[in-house]
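Please read the structure below before turning to the comments.
The values are calculated or read from the model by the stated rules, or taken from the named source; none is laboratory data. From a predicted model like this one, the values you see are computed outputs, not experimental measurements. Here the Cβ positions follow ideal geometry from the backbone for every residue, glycine too, while neighbour counts run over all protein chains shown. Surface areas here come from the heavy atoms of the whole protein model, side chains and all, with no ligands, DNA or RNA. Shrake-Rupley method; radii C 1.70, N 1.55, O 1.52, S 1.80 Å.
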Amino acid sequence: MLKLNNYIDGTLKTPHSGTYLDNIHPATGKVYSLIADSTEEDIHQAVRAAQTAFPSWSGLSLKERHNYLLRISQLIASKSKALAKAESKDNGKPLWLAEQVDIPRAVDNFEFFATSILHFSSESHQMPGRAINYTLRKPLGVVGCISPWNLPLYLFSWKIAPALAAGNTVVAKPSEITPMTAYLLAEICIEAELPPGVLNIVFGSGLKAGDPLVRHPDVKAISFTGGTATGRHIAQVAAPMFKKLSLELGGKNPNIIFEDCDYDRMLKVTLRSSFANQGQICLCGSRIFIERPIYERFKRDFVEQTASMMVGDPNDPNVHLGAIVSEQHLEKILSYIELAREEGGRILTGGKRVYPAGELKGGYYLRPTIIEGLDYHCRTNQEEIFGPVVTITPFDTEAEVLAMANSTPYGLSATIWTNDLARAHRLAEDIESGIVWINSWLLRDLRTPFGGTKQSGVGREGGMEVLRFFTEPKNVCVAY
Ligand code: NDP
């Protein structure tokens, strides 16, 4: 069985523990590869390699770093079919989704930051007749990147590419649940002849490999995407060490639908924003608020179209939803459906596990689920479920829906459907979230600031924001 070994100092290395964790194929529930069960020793080794590589990597010209990152982007593009297959197998998502979204975005991430570093500039501040200040921006040194399982290579590369572009060297840990494309990225870096130690990828659990990475005194910054509870823990560990922190955390995003919207377009996109990637996208709109005059119409159409969605074999091009990422996560989602029932919710469609025939019968499949009749304050409407489960709630006024939208501890993204321009802008200003989509969802421009407020995170990724995060500003004041 394939063993995923760590990529440290330019080569693949067995973990110090000598032990491996099972990597499960969510579509069948069977173990299909083994992952290095890394510990503090492996993290130490990776950080040492990154420290050794830092002076020469940060000393390269921008054009030289650009060339390395572009080469990696091109190699990902040239292997996109195999990478999409690997991503779908590791995560359970439909193959077509990995082909259309995950892998093209990983290509774009490396290409975008390879290029944006060439355009990155710092400021100067004049004191007329007296002095000029200019800001130097230097890479931080060794940085840690920790990513989740829902969009594995997409989010892994979203962190690694800007960190490297800015001149840092990196120790990265993908989720133990979806390590495969990170391993294939290691092979790509070897093929691209990325200098040893510039990027190090350490596999293993959050507790045994992630935690020592956060605690390591020579790791200057942590860029983390994952759950809010893990983010809180990381902040507690890193803050006393004065590390720079970027935390991209959970969400409970509102999807607000007004009567005057473009109905057909809204319905089509709402099906996606509810259930794409089995609802396992931090930006999915899990709380749908509908203006009362169109509530019944929306309910009828949305339930009908959801009930006709196909759930099953991720390799089937007609399938809408593949497998949930793990048995543990499926159990968590099912427990929230049970909670919704206890809280008085009515399951309008879904709510049940699916057992396909043949080899797939041990996989983790769940029908997309719509729930109505819940108060917006209840736990089902306040806590992140992170699965194909949405609630629908009618509203009467703009003020009422704004209060409901802002009622959770989260503030990642929001979607507003309306053709009233003034209302759209007004709500966008008042909604407590880092990202607002008006009449669209997941329309991404990589130059824009990406991140959440409240318990959805601290800091912003994307564009120049992330290059600022991965560099330290220093003001130099020159008196005339
Ligand atoms: P987790 O928080 O469980 O894990 C995220 C990563 O952190 C994994 O690599 C995990 O390792 C690692 N980790 C776990 N514990 C520690 C620790 N103590 N120290 C260091 N690292 C640790 O999140 P999930 O993987 O379950 O991802 C789902 C969550 O991610 C959802 O809440 C979702 O909303 C959020 N998310 C947020 C996004 C955003 O941009 N805001 C985007 C995508 C997802 P391992 O898996 O090996 O245990």
Inset, instruction - Would you please give the residues with an amide H less than 5 Å from that of I290, counting only those at least 5 places away or on a separate chain, with H modeled from the backbone geometry? - result: I257, T393, F395
Legend entry - Unit charges on C-beta of K, R, D, E only; dipole of the range 253-445, Debye: 500
Legend entry - Only Lys, Arg (+1) and Asp, Glu (-1) charged, at Cβ; the range 30-83 dipole about Cα centre in debye: 480
Legend entry - Cross-link pairs K173/K243; K81/K361; K85/K252; K252/K454; K63/K474; K138/K208 - those with Cα-Cα distance over 21 Å: K81/K361; K85/K252; K63/K474; K138/K208
Inset, instruction - Could you run the Karplus curve 6.51 cos²θ - 1.76 cosθ + 1.60 with θ = phi - 60° over the range 105-120 and give me ³J(HN,Hα) per residue in whole Hz, x for Gly and Pro? - result: 5, 5, 4, 4, 4, 5, 5, 4, 6, 4, 7, 5, 5, 6, 10, 6
Inset, instruction - Please give the residues of the range 449-480, grouped as numeric ranges, whose backbone N is less than 19 Å from a label point set 7 Å along the Cα-to-Cβ vector of N133. - result: 468-469, 471-480
Legend entry - Accessible area (Å², 1.4 Å probe, nearest 10) - K474: 100
Inset, instruction - Could I have the simple spin-label model distance between K3 and Q382, label points 7 Å from Cα toward Cβ, reported in nm to one decimal? - result: 4.8
Inset, instruction - Please state, as a whole number in µm²/s, the translational diffusion coefficient that the Stokes-Einstein equation yields for the range 253-445 at 10 °C and 1.306 mPa s, with Rh defined as the Kirkwood radius across alpha carbon pairs. - result: 94
Legend entry - Residue-by-residue Karplus 3J(HN,Hα) for the range 89-100, coefficients 6.51, -1.76, 1.60, Hz, glycine and proline x: 5, 6, 9, x, 6, x, 4, 4, 6, 4, 5, 8
Inset, instruction - Over the alpha-carbon set of the chain, divide Rg by the Kirkwood Rh and report the Rg/Rh ratio to two decimals. - result: 0.99
Inset, instruction - With the full set of protein chains in place, find how many percent of the accessible area of the chain is carbon and sulfur; take the probe as 1.4 Å. - result: 53
Inset, instruction - Take every DSSP beta bridge whose two residues both sit in the chain, then give the antiparallel share in percent to the nearest 5. - result: 45
Inset, instruction - Counting only heavy atoms of the protein chains, get the accessible area per residue of the chain (1.4 Å probe) and round it to a whole Å² value. - result: 40
Legend entry - Extreme residue, positive dipole direction of the chain, given options T408, L62, S335 (C-beta unit charges): L62
Inset, instruction - Taking amide H positions as placed in the peptide plane 1.01 Å from N, state which residues far from V170 in sequence (5 or more) or on other chains have amide H under 5 Å from it. - result: V143, L199, N200
Inset, instruction - Return one number: the angle in degrees, 0 to 90 and rounded to the nearest 10, between the long axis of the Cα atoms of helix 327-342 and the longest principal axis of the Cα atoms of the chain. - result: 40
Legend entry - Cα centroid separation, the range 178-228 to the range 1-45 (Å): 12
Legend entry - 0 to 90° range, to nearest 10: angle between helix 295-307 axis and the chain longest Cα axis: 70
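Mind ranking 327-338, 19-30, 429-440, 174-185 by how tightly packed they are, going by the mean number of other C-beta atoms within 10 angstrom, highest first?
Per-residue mean Cβ counts within 10 Å order the peptides as 174-185, 19-30, 429-440, 327-338.
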